[in-house]
């Protein structure tokens with residue numbers, strides 16, 4: 001087995017297991033809390049109390065989101081590898097965009113695991129830095145669509161949309177799984193940019209931003225499920 005074939009097999013195997021991991025953690029995420037009940041409309045004091053009481057579940061929920069993001073990005077990186085066969089330049093740019101998205105996503109998710117629980121504890125105990133912690137927690141609200149925290153998250157989704165537009169065309173191939181994945185990626189890239197434009201024009205209310213962004217992301221999950229079969233077929237053909 002040549003070095004090229006071996007690397008191709010390893011990357012397709014990485015994509016296969018990344019897709020499986022993504023599907024599993026996507027299911028698990030439905031059972032883990034990411035914020036206080038009420039989300040965007042939750043009272044700040046109620047959120048602090050909830051974070052203090054549910055510290056472990058909150059951290060676990062966002063740790064699961066880190067795994068979710070890394071496994072999804074692993075699938076997209078492996079898609080970029082496949083894209084590079086037909087269009088090397090697009091494949092390279094797509095891989096760079098995926099790497100940038102990881103940086104955008106990992107910042108707020110690490111803040112959720114590390115900083116936010118400590119801020120809530122500081123506020124609840126009334127320490128000397130409680131006032132500063134209270135102000136920071138407001139800035140790092142995980143549900144308010146215009147907070148510093150969510151801005152990084154939406155940046156990550158925008159980079160996913162850029163990746164999707166780069167990868168969709170070259171990925172569209174002879175297999176059904178490649179076609180489904182390419183169409184879903186292309187649709188997500190177009191829809192997300194349309195939502196982004198509508199947001200800039202003021203056509204989406206803040207309370208509707210989270211749903212407007214998260215609903216099209218279902219297309220990414222469908223693309224990942226489809227790529228599961230694509231990676232499996234690619235591994236078998238290279239065995």
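Under 8 Å for C-alpha pairs, at least 6 residues apart: give me the relative contact order for the chain, rounded to a whole percent.
Values: 309 pairs, mean separation 55.9, N = 239.
Relative contact order, the chain: 23 percent.
Any idea what % of Cα-Cα pairs in region 118-239 are farther than 20 Å? More than 20 Å apart: 56 percent of the Cα pairs in region 118-239.
The angle between the Cα long axis of helix 88-125 and the main principal axis of the chain comes to about 20°, on a 0 to 90 degree scale. Where only DSSP H runs of four or more residues are counted, the chain gives -28500 deg cm²/dmol as its mean residue ellipticity at 222 nm, each run worth -39500 (n - 2.57). Its residue count N fixes a reference of 2.2 N^0.38 Å for region 71-133, and the Cα radius of gyration divided by that reference is 1.81. Roughly what angle does helix 3-29 make with the longest principal axis of the chain, taking Cα atoms, 0 to 90 degrees, to the nearest 10? Helix 3-29 sits roughly 40 degrees off the main axis of the chain. Mean projected area of the convex hull spanned by the Cα atoms of the chain, taken over all viewing directions: 13.8 nm². Helix 130-139 and the longest principal axis of the Cα set of the chain meet at an angle near 40°.
What do you get for Rg/Rh of region 174-239 when both radii come from the Cα atoms and Rh is the Kirkwood radius? Reported Rg/Rh (Cα atoms, Kirkwood Rh): 1.18.
The three principal axes of the C-alpha atoms in region 1-115 carry coordinate ranges of 59, 24, 21 Å, sorted with the longest axis first.
Here the mean projected area of the convex hull built on the C-alpha positions of region 107-185 is 6.5 nm².
Computed on region 23-80, the Cα convex hull volume stands at 85 Å³ per residue.
Tell me, Kirkwood radius of region 142-206 from alpha-carbon pair distances, in Å? Can you show the working numbers first?
Values: mean 1/r = 0.0772 Å⁻¹.
Roughly 12.9 Å, rounded to one decimal.
Read the figures in this text as sums done on the coordinates, not as results from a lab. Please read these numbers as outputs of a predicted model, since none were measured by experiment.
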